[in-house]
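Please read the structure below before turning to the comments.
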Amino acid sequence: MRTVIEGLAEEAELLIRDQGWSLAPADRALAEKTIADLRAAVGPGPTQEALPLIDRLERLRETLAALAIALAKSHGRLAWFLGAAVTALAPVLHWRALPDAHGPTFGAVKPTVQQCAEAEDAVRLLQATLTRIIAA
């Protein structure tokens with residue numbers, strides 16, 4: 001996930017530098033709200049690591065919800081960027097924190113601590129990239 005978000009960040013940087021990508025006022029406000037929502041969901045590494053898996057997973061799902069709402073309200077490059085970010089983070093939707101003692105899990109698997117940390121790092125990188133896009 002982090003590798004894909006890194007690629008999106010590089011592409012955004014190129015667009016900002018080479019083509020002068022700047023957001024319209026409505027998109028800027030939407031991006032600012034999205035950054036705030038992402039920060040509220042995923043905090044600094046030590047804070048996240050102290051949480052139980054079920055809470056970490058809940059916060060990662062909140063991240064996907066915030067991105068999906070922003071995607072629904074945007075168009076053009078910002079929408080494309082957000083759509084790619086949602087796609088990169090989609091594996092989170094197949095994770096579970098609860099045991100599978102009561103039957104099928106619909107393909108949901110328990111993530112490793114490393115997978116959670118990688119997803120959280122990807123969200124932080126996404127926050128930073130949106131911040132640079134706004135500043136352009």
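The values are calculated or read from the model by the stated rules, or taken from the named source; none is laboratory data. This structure is a prediction, so every number in the text was calculated from the model and none was measured. Note that we place each Cβ from the backbone using ideal geometry, even for glycine, and neighbour counts take in every protein chain shown. Protein only, heavy atoms only, side chains kept; ligands, DNA and RNA dropped before computing areas. Shrake-Rupley method; radii C 1.70, N 1.55, O 1.52, S 1.80 Å.
Under the condition of being in contact with a strand residue (DSSP E or B) (Cβ under 7 Å, 6 or more places away or on another chain) and in a helix (DSSP H, G or I), the residues counted in segment 66-108 number 1. Considering segment 67-86, the residues that are small (Gly, Ala, Ser) and surrounded by fewer than 23 Cβ atoms within 10 Å (Cβ to Cβ) include one that is farthest from residue 115 (Cα to Cα), namely 76. Taking the criterion of being without any contact (Cβ under 8 Å) to a residue 40 or more places away in the chain, surrounded by 14 or more Cβ atoms within 10 Å (Cβ to Cβ) and within 17 Å of residue 82 (Cβ to Cβ), the only residue of segment 34-56 that qualifies is 37. Hey, any hits in segment 4-15 for a residue that's within 17 Å of residue 126 (Cα to Cα), free of Cβ contacts under 8 Å to residues at least 60 places away in the same chain, crowded, with 17+ Cβ neighbours inside 10 Å and within 10 Å of the chain's Cα centre (by Cα)? Scanning segment 4-15 turns up no residue that is within 17 Å of residue 126 (Cα to Cα), free of Cβ contacts under 8 Å to residues at least 60 places away in the same chain, crowded, with 17+ Cβ neighbours inside 10 Å and within 10 Å of the chain's Cα centre (by Cα).
Just so you know, in segment 23-66 the residues that are in contact with a helix residue (DSSP H, G or I) (Cβ under 8 Å, 6 or more places away or on another chain) and polar (S, T, N, Q) include one that is nearest to residue 112 (Cα to Cα), and it is 48. Within segment 4-33, being part of a helix (DSSP H, G or I), farther than 17 Å from residue 83 by Cα and not charged (D, E, K, R) holds for 14, 16, 19, 25, 26, 29. Checked against (1) open to solvent by 20 Å² or more (accessible area, probe 1.4 Å); (2) closer than 19 Å to residue 120 by Cα, residue 25 passes all but a single condition, namely (2). Candidates in segment 87-136 are the residues that are acidic (Asp, Glu) and closer than 19 Å to residue 43 by Cα; of these, the one that is least open to solvent (accessible area, probe 1.4 Å) is 120.
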